[in-house]
Structures are given as C-alpha cells and as structure tokens.
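Asks: Structure provided below as structure tokens; questions to follow.
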Amino acid sequence: MDSVPELLSFAAHVFEKHGGMAEQDDNHVMALLPPGLAQTLDLPEEVQLGGGAMPLLYGSPVLDRLIRVATEEIPLVFGRIEVPYLKKAGFEQLIGQDIVFTNGQARVTSRAEARASYMVLTCRYVALSDERKEGLVEAGMHESTGAIIEDLETLWSEFSSEIYTPGKVPPHFPVHLEKAISNAMQKARVLTEEKLTDFINSMRRRLRRDVKNTREYYEALRKEMESSLSRHNLSEAQHQERIAKIKDLPREMAQKIEDLQQKYKIQVRLKPCAALRFLVDVVYVMVEIRFRKYTRTIHLIWNPLSRRLDPLVCEQCHKTTRSVHPSIEDSRIRLLCHSCA
Ligand SMILES: [Zn+2]
C-alpha cells in the first residue's frame with residue numbers, strides 16, 4: 001500500500017522539529033533521527049518511511065507515535081460548555097434516524113446523564129506549487145472514541161462556555177488521543193482538499209497551457225530549422241550540425257515538459273496547530289443490540305450541541321459511521337462500518 005503524501009510531509013516536519021534531518025521524495029521520506037527521538041518513535045536512527053519500506057498510513061502504529069510527539073507541542077485550551085437542556089425521553093425514535101443498525105435489532109434500555117469530552121482540532125495546511133496557498137481547517141471529534149462530530153467546530157460557540165485556567169483543569173479529559181487526532185487529521189485532509197480545489201484546478205490549467213505552448217514552440221522551431229536546411233550558403237558541417245539539432249528537438253521538448261510538471265506539482269503539508277478541548281453534559285443512552293443469537297449492550301451519546309446522537313466509530317477501521325453493521329467475531333457482536341462489513 002502506498003503511503004499518504006500528506007502524512008509523509010507531516011512525518012518529515014515532526015523529524016525536523018525534533019532535531020532530525022529529513023528528505024522527502026514523491027513516495028517516501030528518508031531521515032536521520034537523534035537517538036532519543038528514534039527511541040520515542042520506536043524507529044531506527046536511519047529510517048525510510050514509504051516507498052517499499054515501512055508504509056505510513058492512517059491507523060498505523062508509527063503514525064500514532066508521530067502524533068503523540070507532535071501533539072505534545074500543540075497549544076491546548078480546556079473548557080466546559082454549558083448546555084441549557086438535556087433530552088429526557090424519546091430516544092427510541094432516534095435509532096433508525098441518527099444511527100442505523102442494519103440487520104440487527106436495537107432497543108433502548110435506560111438513560112443516564114454523564115459528561116463527555118470533545119475536541120476541536122485546528123490544522124494548518126500549506127500547498128506548495130508554482131504558487132503557495134495556506135489556510136486553516138477545523139475538525140471536531142468525541143475524544144474517547146475519535147468519532148468525527150459534524151459541525152462541532154461551529155456549534156460549540158453558540159453556547160456559553162467557561163475556560164479553565166491552567167492548573168485547574170479537571171481530570172475528566174482522556175490522556176490518549178492518538179486515534180482521535182488521527183481521525184481528525186483525516187477529516188482535516190478532506191476539508192483541505194475541498195479548500196484547495198480551485199488552487200489545484202488553476203495549477204492544472206496553467207500546466208496544460210504551458211505544455212501546449214511548449215509543444216507549439218518546438219513545432220514552429222522544427223519547421224523553421226527544416227526550411228533553413230535548404231539554404232545554399234550552409235557548409236556540409238553546418239548542415240550536419242543542424243540535422244543533429246533537429247533530431248534532438250523531441251528530447252529537449254520532453255525535458256522542458258518534465259520541468260513544467262515539476263514546477264506545477266502540488267505538495268500539501270498539513271499539521272495540527274491548536275486544540276480546544278471541552279467537557280459537555282450529555283445523555284448516555286444504553287442500547288441492547290441483538291444480532292442472530294447474540295446480544296451486546298453499548299451506550300450511545302445524545303449530544304446537546306448537535307441535538308442528535310453522536311455517530312459511532314467502526315471497531316475495525318475507526319472510521320466514523322452512522323450506519324452500523326453488526327457482525328459476529330469470537331461469539332461476540334462487533335460493530336463495523338459499511339466497507340468493513
Ligand atoms: Zn470500518
């Protein structure tokens with residue numbers, strides 16, 4: 001499997017920021033790491049990621065370790081969102097609407113008020129090509145599961161909030177956030193691609209235009225040089241020299257086109273740069289799932305910010321999903337996304 005290019009530049013950035021040297025190519029990163037960093041990342045001091053060596057993909061353990069190192073330096077703000085109202089009843093109707101369990105039966109057994117923590121992660125993207133474009137994207141998620149919560153980045157500000165002063169942060173926030181941040185970065189990558197659509201199209205248009213101009217230029221040059229061959233004042237040596245030059249034109253043109261492709265190649269770097277973490281009072285909705293002869297009880301979260309049930313994450317690939325496919329593994333119900341099922 002090929003490594004994700006954005007993740008390779010993310011890795012290169014983490015290496016360099018922590019005293020390593022990194023060189024990124026199309027499909028891999030070569031790096032020399034200081035011993036301490038190599039140990040933290042559980043990598044050799046001289047390492048290649050991608051390009052036939054260790055691939056760098058969403059969900060891979062090496063990415064988790066890179067994220068852990070990178071997020072140690074992200075400025076964090078902790079707070080609490082005050083919600084005026086928590087839903088008391090009628091959760092049954094939300095099953096099949098907010099979350100669908102295909103082929104399985106789901107029954108609400110009880111509810112309880114609880115506290116959940118969410119994060120809005122801000123990532124900076126930089127796209128490098130013939131021009132440079134940069135900006136910010138935000139993705140929100142439930143911290144312990146890593147489920148991406150649509151529009152959380154705008155919803156939270158509609159409520160009143162309290163920011164905890166450093167040293168007074170309550171101990172409700174989970175420590176391990178690698179999966180959540182990995183999911184958020186994946187979401188940020190999709191958002192970045194959307195934001196860069198015009199930029200990417202414009203670079204492609206310019207490349208097509210320049211390639212077309214180059215072809216026309218060389219075609220005109222060839223014609224001109226060919227017609228000059230018939231002039232009588234050329235010595236035999238000059239004549240041979242021109243023929244050789246004409247023969248070399250296709251190679252020269254291919255080289256020019258290759259240079260243009262390099263010039264307009266787009267490299268996108270994405271890195272997390274700030275995080276807002278907050279506690280929210282939510283409702284845990286206990287649900288008993290029956291599938292074949294098995295049952296399993298899980299809790300869903302009714303989120304007062306979005307006023308709906310939060311999505312779940314696939315228990316295999318960690319992708320956020322509202323369409324849950326129960327399957328049996330080791331006499332136990334596992335909840336999977338559509339593609340894993
Ligand atoms: Zn899945």
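Every read-out reported here was derived from the displayed coordinates using simple, explicitly stated rules and does not represent laboratory data. Keep in mind it's a predicted model, so treat the numbers as computed, not measured. Backbone-built Cβ (ideal geometry, glycine too); neighbour counts: all protein chains shown.
Asks: How much length is gained on full extension from residue 175 to residue 195, taking 0.36 nm per residue of separation minus their Cα-Cα distance? Mind showing how you got there, number by number?
Replies: On the way: separation 20, 0.36 × 20 = 7.20 nm, distance 3.14 nm.
Separation in residues times 0.36 nm, less the Cα-Cα distance, equals 4.1 nm.
Asks: Where the convex hull is taken over the Cα atoms of region 183-341, what is its projected area averaged over directions, in nm²? Let's see the in-between values first.
Replies: Values: hull surface 70.0 nm².
In nm², the orientation-averaged hull projection of region 183-341 is 17.5.
Asks: Another question about this same structure. Could you tell me the center-to-center distance, by alpha carbons, between region 108-149 and region 47-71 in angstrom?
Replies: 20
Asks: To continue, here is another question. Using a/c under 1.5 as the rounded threshold, could you call region 268-329 rounded, prolate or oblate? The axes a ≥ b ≥ c are square roots of the C-alpha gyration tensor eigenvalues, and prolate needs a/b larger than b/c, oblate otherwise. Let's see the in-between values first.
Replies: On the way: a/c = 3.17, a/b = 1.48, b/c = 2.14.
The shape class here is oblate.
Asks: Here's a follow-up. What order do you get for 152, 249, 121 when you list them from fewest to most C-beta neighbours inside 10 Å? Before the final figure, lay out the partial values.
Replies: On the way: 152 23, 249 14, 121 26.
The most exposed by this proxy come first: 249, 152, 121.
Asks: Treating only the Cα positions of region 198-271 as identical point scatterers, give the base-10 log of I(q)/I(0) from the Debye formula at each q in 0.16 Å⁻¹.
Replies: Log10 of I(q)/I(0), two decimals: -0.68.
Asks: Can you tell me what the convex hull of the Cα atoms of the chain projects to on average, as an area in nm²? Don't jump to the answer; show the numbers that get you there.
Replies: On the way: hull surface 99.8 nm².
Here the figure is 25.0 nm², rounded to one decimal.
Asks: Whole-Hz Karplus ³J(HN,Hα) for region 126-135, in order, using 6.51 cos²θ - 1.76 cosθ + 1.60 and θ = phi - 60°, x for Gly and Pro?
Replies: Karplus values, whole Hz, x for Gly and Pro: 10, 10, 10, 7, 5, 10, 10, 9, 9, x.
Asks: Could you pull out every residue, at least 5 positions away or on a different chain, whose amide H is within less than 5 Å of the one on residue 324? Hs are placed 1.01 Å off N in the peptide plane, and Pro or chain starts have none.
Replies: Result for residue 324 returns 100, 101, 102.
Asks: Once region 102-233 is represented by equal point scatterers at the alpha-carbon sites, with solvent omitted, what log10 I(q)/I(0) does the Debye formula produce at q = 0.09, 0.15, 0.21 Å⁻¹?
Replies: -0.53, -0.94, -1.26
Asks: Which of 298, 289 comes first, and how do the rest follow, when ranked by fewest Cβ neighbours within 10 Å?
Replies: By the 10 Å Cβ count, ascending, the order reads 298, 289.
Asks: Order these peptides, 203-215, 235-247, by their mean beta-carbon neighbour count within 10 angstrom, highest first. If you can, show how the numbers build up before the last one.
Replies: On the way: 203-215: 14.2, 235-247: 11.3.
Result, highest mean Cβ count within 10 Å first: 203-215, 235-247.
Asks: How would you rank 72-78, 97-103, 312-318, highest first, on the average number of other Cβ atoms within 10 Å across their residues?
Replies: Details: 72-78: 13.1, 97-103: 15.0, 312-318: 18.6.
Sorting 72-78, 97-103, 312-318 by mean packing, highest first, produces 312-318, 97-103, 72-78.
Asks: Here's another thing I want to ask about it. Would you list which lysines come within 25 Å of residue 263, measuring only between C-alpha atoms, while excluding same-chain residues fewer than 8 positions from it?
Replies: Hits, sequence-local ones excluded: 133, 195, 212, 271.
Asks: Given N residues in region 1-73, what is Rg(Cα) / (2.2 N^0.38 Å)?
Replies: Values: Rg = 10.7 Å, N = 73, 2.2 N^0.38 = 11.2 Å.
Expressed relative to 2.2 N^0.38 Å, the Cα Rg reads 0.96.
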